[in-house]
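*Asks:* Dropping the structure in here first, questions after.
The values are calculated or read from the model by the stated rules, or taken from the named source; none is laboratory data. The model shown is predicted, which means the values in this text are computed figures rather than measured ones. Backbone-built Cβ (ideal geometry, glycine too); neighbour counts: all protein chains shown.
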Amino acid sequence: MARYSRNDQAGVELPKAKLDRESLRQALELFRYLRPYRGRFSAALAALFVGSLFSLAFPYLAGSIVDAALLQNKGVGSMAGMDRTALLLMGVLALQAGLSYFHFLSFATVGQRSLVDLRRDTYARLISLPMTFFAQRRVGELASRLSADLIQIEDTLITILPQFLRQSTLLVGGVALIAATSLKLTGIMLVSLPVLTVVAVVFGRKTRKISREAQDRLADTATIVEETLQGIVNVKAFANEGYELNRYHEGLGKFLTATLRGARLRAAFVAFIIFALFGAIVLVLWSGARLLQQGEITFGELTRFILYTTFVAGAMGQFAELYSQLQKAIGATQRVRELLRETGEVETRLGPPPPSTLPRLRGDVGFENVDFTYPSRPGVKVLQAINLTANSGQRIALVGPSGAGKSTLISLLLRLYDPSAGRLLIDGRDARDYRLAELRGQMSMVPQEVLLFGGSIAENIAYGKPGASAAEIASAARQANAHEFIQAFPEGYATLVGDRGIQLSGGQRQRVAIARAILKNPAILILDEATSSLDSESERLIQEALETLMRGRTSFIIAHRLATVRHVDRIIVIAGGRVVESGTHDELQAIEAGVYRRLATLQFRT
Ligand code: ATP
């Protein structure tokens with residue numbers, strides 16, 4: 001009462017209470033994944049509940065058997081009464097076994113099915129998130145979030161939650177049945193309960209914090225492994241295995257410290273519980289023995305009593321552990337929810353994408369007074385006052401010293417980021433007015449480092465147009481000058497590439513990427529020229545393929561070697577985030593102290 005009135009006076013709610021309610025609400029929101037399976041889930045809950053009630057019948061019937069035996073000894077009861085009770089007990093056990101089978105299987109089925117849905121949605125959200133999100137996080141951390149946190153949630157749905165319900169029923173039912181037998185004994189037993197509960201809550205809070213920290217530290221080590229394996233060639237080339245091992249070892253050390261701290265806390269708690277719980281049992285036993293001696297209860301009642309007490313004590317003992325597990329799960333749901341709540345930039349769905357309603361773009365591109373600052377580096381304007389127009393079908397080369405902002409400009413064109421100020425116009429319309437997936441559907445990029453996915457060459461080319469026919473793929477490969485080398489492999493287009501297949505040479509990968517782009521048939525094309533030079537034959541094949549690809553499309557070429565940009569329509573020279581010169585090769589060469597001329601002189605000299 002006092003707390004509420006204080007809140008009212010302050011006019012705000014206590015932040016802590018709000019946070020807890022909020023975290024619980026978030027956790028419950030994930031329960032909507034159970035909705036499609038609610039029938040089976042409810043049936044499983046009912047089976048669990050009834051099964052637990054049957055468990056409660058066990059001590060009762062056991063007590064009855066003892067009493068019946070004693071009565072028979074005194075010549076009052078009959079053998080039949082004892083046998084009937086034993087048979088009844090067997091029947092109860094059989095029913096309980098059947099119910100257990102059903103609810104165990106049902107929880108597993110429902111839990112795993114809804115988790116598959118949750119995993120799919122989390123992954124879908126993850127890959128649809130904007131670049132700003134990925135720029136601020138490490139890949140390993142995200143991968144760990146997807147696996148570790150979801151495993152925690154899985155554990156909750158399949159084991160912890162059912163256990164929690166079962167133990168609650170046993171606790172409440174056990175206490176009620178004990179109370180029906182002897183209030184005095186119940187009172188004695190319950191004295192220890194509040195103490196245990198308070199300790200459990202305090203402990204739960206502490207472990208929640210520590211286990212979250214331990215999980216974070218473990219995710220850090222996973223990141224190290226992932227980074228090392230991704231860059232294994234670099235690691236070996238620098239002979240840095242020892243360095244990586246040290247880094248990993250340090251990470252593990254931090255993880256170990258955090259988990260051991262949690263383990264110490266838990267060990268102390270277990271010790272306390274054992275002492276307190278068994279202490280309570282001894283107390284009950286001792287009081288029960290006295291009541292029996294005074295003739296207040298029967299042998300059978302004492303038997304019931306002791307069995308119920310072990311049930312209740314067992315439930316209490318499990319409660320603390322379950323409670324801390326639930327808290328862990330809430331921590332995990334919070335993080336998964338955080339991820340699900342981020343807004344994706346494109347819609348993700350299963351199956352083929354809906355047909356685009358956007359007519360084919362002409363490919364006019366305009367940057368109007370564009371400024372750009374990376375969200376991860378506020379205060380540094382990477383691009384400033386960029387004005388640039390490219391008409392349909394034109395070829396524009398972007399040149400400039402390293403770090404000038406060429407790739408950033410392209411990122412804006414692909415709408416990986418939006419301008420901080422100014423506008424990007426595509427066919428005269430603000431780029432933000434298009435649906436992102438449709439806009440990107442008409443752009444294509446041939447990157448410097450071509451990444452091939454594990455799969456066949458045909459699949460890799462078809463990445464430009466999922467569902468393309470074999471004839472379309474071969475035609476694209478022909479235009480990209482890739483058909484011949486692909487045909488030369490014994491398995492042709494079915495040859496596996498990537499991690500588990502063969503490795504293609506740099507030039508071959510480039511041509512596969514070009515075929516991919518040709519198949520996509522974009523209106524706007526981005527070429528990030530490879531910095532490494534290839535042998536002249538390979539170079540010729542690629543140049544030819546690129547010529548085919550660029551025909552009739554607006555093309556932006558990030559040029560590192562100025563020899564390749566002589567014949568473009570316009571060269572844009574970027575330095576320090578600004579457009580400093582623009583014109584054809586000849587025009588720019590004519591500028592006396594120009595940046596382009598200086599760059600060109602340097603390159604041709606080497
Ligand atoms: P290069 O020719 O070497 O590829 P570039 O002209 O393409 O260089 P950008 O990659 O656009 O240059 O980089 C421009 C500036 O923006 C650099 O100072 C770089 O450090 C910075 N930068 C690039 N990406 C990010 C990012 N994700 N977050 C913060 N800053 C970035």
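*Asks:* Condition (residue is at pLDDT below 80 and of a type in the set (Asp, Glu)) applied to segment 319-335: is it met by at least one residue?
*Replies:* yes
*Asks:* Does any residue of segment 143-150 turn out to be in a helix (DSSP H, G or I), away from the ligand (no atom under 16 Å from the Cβ), of a type in the set (Asp, Glu) and at pLDDT 80 or above?
*Replies:* yes
*Asks:* For Arg540, are the conditions met, namely being farther than 28 Å from Phe367 by Cβ, under 41 Å from the mean Cα position of the chain (by Cα) and free of Cβ contacts under 8 Å to residues at least 60 places away in the same chain?
*Replies:* Spelling it out, it is not the case that Arg540 is farther than 28 Å from Phe367 by Cβ, under 41 Å from the mean Cα position of the chain (by Cα) and free of Cβ contacts under 8 Å to residues at least 60 places away in the same chain.
*Asks:* Which members of segment 279-296 meet the condition of being at pLDDT 80 or above and surrounded by fewer than 20 Cβ atoms within 10 Å (Cβ to Cβ)?
*Replies:* Matches in segment 279-296: Val282, Trp286, Ser287, Ala289, Arg290, Leu291, Leu292, Gln293, Gln294, Gly295, Glu296.
*Asks:* Let me ask something else about it. For the structure I just gave you, tell me whether Leu118 is surrounded by 19 or more Cβ atoms within 10 Å (Cβ to Cβ) and not assigned by TED's automatic domain parsing to the domain that holds Ser407.
*Replies:* Answer is yes for this residue.
*Asks:* Taking Gly583 as meeting all but one of (1) farther than 27 Å from Phe453 by Cβ; (2) touching a strand residue (DSSP E or B) at 6+ places or on another chain (Cβ under 8 Å); (3) within 16 Å of the ligand (Cβ to nearest atom), write down the number of the exception.
*Replies:* So Gly583 meets the others, but not (3).
*Asks:* Restricting segment 115-142 to residues that are without any contact (Cβ under 8 Å) to a residue 40 or more places away in the chain and either of a type in the set (Val, Ile, Thr) or not in a helix (DSSP H, G or I) (or both), which is nearest to Ser52 (Cα to Cα)?
*Replies:* Checking each candidate, the answer is Val116.
*Asks:* Among the numbered criteria (1) away from the ligand (no atom under 16 Å from the Cβ); (2) part of a loop (DSSP other than H, G, I, E, B); (3) loosely packed, with under 13 Cβ neighbours inside 10 Å, which single criterion is violated by Ser356?
*Replies:* The failed condition is (3).
*Asks:* Counting just the residues of segment 422-440 that are surrounded by fewer than 16 Cβ atoms within 10 Å (Cβ to Cβ) and without any contact (Cβ under 8 Å) to a residue 40 or more places away in the chain, which one comes out nearest to the ligand (Cβ to nearest atom)?
*Replies:* Among them, the one singled out is Arg432.
*Asks:* Is it true that some residue in segment 452-470 is of a type in the set (Ser, Thr, Tyr), closer than 27 Å to Ala559 by Cα and within 16 Å of the ligand (Cβ to nearest atom)?
*Replies:* No - not one qualifying residue is present in segment 452-470.
*Asks:* For segment 362-387: of the residues being buried (at least 17 other Cβ atoms within 10 Å of the Cβ) and under 24 Å from Asn521 (Cα atoms), which is nearest to the ligand (Cβ to nearest atom)?
*Replies:* The extreme case among them is Phe367.
*Asks:* Is there any pair with a first residue in segment 217-237 that is over 11 Å from Lys254 (Cβ atoms) and at pLDDT below 90 and a second that is basic (Lys, Arg) and not in a helix (DSSP H, G or I) whose Cβ atoms are under 7 Å apart and which are 6 or more apart or on different chains, and what are they?
*Replies:* Every condition considered, the pairs that remain are Thr223/Arg138.
*Asks:* Could you please find all residues in segment 388-405 being within 12 Å of the ligand (Cβ to nearest atom) and surrounded by 23 or more Cβ atoms within 10 Å (Cβ to Cβ)?
*Replies:* Those that are within 12 Å of the ligand (Cβ to nearest atom) and surrounded by 23 or more Cβ atoms within 10 Å (Cβ to Cβ): Leu398, Val399, Gly400, Gly405.
*Asks:* Also, quick follow-up: Mind checking which pairs have a first residue in segment 398-421 that is closer than 24 Å to Gly583 by Cβ and a second that is of a type in the set (D, E, K, R) and within 7 Å of the ligand (Cβ to nearest atom), Cβ under 6 Å, 6 or more apart or different chains?
*Replies:* Filtered contacts from segment 398-421: Leu398/Lys406; Gly400/Lys406.
*Asks:* Further, regarding this structure: Just to be sure I understand the filter: pairs with C-beta atoms under 8 Å, separated by 6 or more residues or on different chains, first member in segment 461-472 and among the basic types (Lys, Arg), second member surrounded by 10 or more Cβ atoms within 10 Å (Cβ to Cβ). Which pairs pass?
*Replies:* Lys465/Glu472; Lys465/Leu519; Lys465/Lys520; Lys465/Asn521
*Asks:* Name the residues in segment 359-377 that are part of a strand (DSSP E or B) and touching an Asp or Glu at 6+ places or on another chain (Cβ under 9 Å), would you?
*Replies:* Val365, Phe372
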